[in-house]
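Single-structure report; data block below.
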């Protein structure tokens, strides 16, 4: 028999991907310059020159029999050590190479981690709005996805709502800061409160409860000092990271899982992650990209372009009369639908060749997400379309 769950995943594709494909079709029909695609988080800032130069150098000067061979199943040791050194220098984390498992991007990191810490009959909490694929990854582990709304005042964790959802079945929580789709960053105060809450719950239920910190936007922060590393506040934390956003390498699919060195079952947890990676076939992440990122820890693309886009798109949207959350990080703008219906807003936007994602797929109704990792020229060209749409709402 065909696996019905996998059929459901395949037949119900991501709304983001559907809009992206719709955009490609419309560009072919009427011209790329007439379609304003704000659907997908595909970095438009080029990767740093150093990345390209290292790739070329490795391809040109390395022994091909070594360059393209399997690394260790968990990843190249030099790369893992470089990551550990960087995290210790920047965040004083105390991590070791043996806490790091190289993966094919953050999606693999999350899938491996969830398979390691959750199973059938258990629950994993996500905070709405959240990246839609979390639900797919959680259900693939056999666990159930439990949605908890954040405070709409500041998009921080609403601890009253969290307490309503938390029970003996809770195995893990996923946080994402800076957040996709809001751009909000969890404050140090929130993280300290969350750590104290989870520590109390571990004692209450006499078990380890894992905090999964999804951090692909960790470097995309516009105000110095805003980001605080969750692993520095709560011991049973697992970091899932991708270089897709920080280095503009989404198509190269490279990232890692990192177990906090303070985790109570540190070694057993890492062994379990290795076992999950093996069972899923996620071993030996692409060797070339491991060698590249291992040589460039701390390097990022020029995110000043995103900062400029942030101000331009926020100014454009709010001057049109729409309400939006001013983002602290990532490259998304979360906009309230004047009708209170995000799907209606997204469909109406198509009439103006604006492609924006309804918040319904993020577990929250009434908003849309605008991805501003696009050219400044596209934002400028889209302004008349946003103004025209605003008039259609009598704003």
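Values quoted throughout were computed directly from the atomic coordinates according to the rules given, and no laboratory measurement underlies them. Owing to the predicted nature of the structure, the values given are computational and were not obtained by experimental measurement. Cβ sites come from the backbone with ideal geometry, for glycine too, and all protein chains shown count toward neighbours.
Shape verdict for the chain, please, from the Cα gyration tensor: rounded (a/c under 1.5), prolate (a/b greater than b/c) or oblate.
Oblate is the answer for the chain, as a/c is 1.5 or above yet b/c matches or exceeds a/b.
I'd like the distance separating the alpha-carbon centroids of the stretch 173-212 and the stretch 300-319, in whole Å.
The stretch 173-212 and the stretch 300-319 have Cα centres spaced 29 Å from each other.
With a 10 Å cut-off between alpha carbons and a GNM built on the chain, which of 296, 326, 68 moves the most?
Checking each option, the largest mean-square fluctuation is seen for 68.
For the chain, what does -39500 (n - 2.57) per DSSP helix run (n ≥ 4), summed and divided by total residues, give at 222 nm, in deg cm²/dmol to the nearest 500?
That comes out to -13000 deg cm²/dmol.
Count the DSSP beta bridges whose two residues both fall in the chain, then state the antiparallel fraction as a percent rounded to the nearest 5.
Expressed as a percentage, antiparallel bridges in the chain total about 50.
Testing the spin-label approximation: label points 7 Å from Cα along Cα→Cβ at residue 311 and residue 323. State their distance in nm.
Label-label distance for residue 311 and residue 323, simple model: 2.6 nm.
Compute a Gaussian network model of the chain, connecting alpha carbons closer than 10 Å, and tell me which residue from 205, 243, 367 fluctuates the most.
Per the Cα network of the chain with a 10 Å cutoff, 205 tops the list.
Antiparallel versus total DSSP beta bridges in the stretch 69-294: what percent is that, nearest 5?
That works out to approximately 30 percent antiparallel.
At R0 = 30 Å, how high is the FRET efficiency between residue 153 and residue 393 if r is their beta carbon distance? Nearest 0.05 is fine.
0.80
Could you tell me how far the Cα centroid of the stretch 138-152 sits from the Cα centroid of the stretch 320-375, in Å?
22
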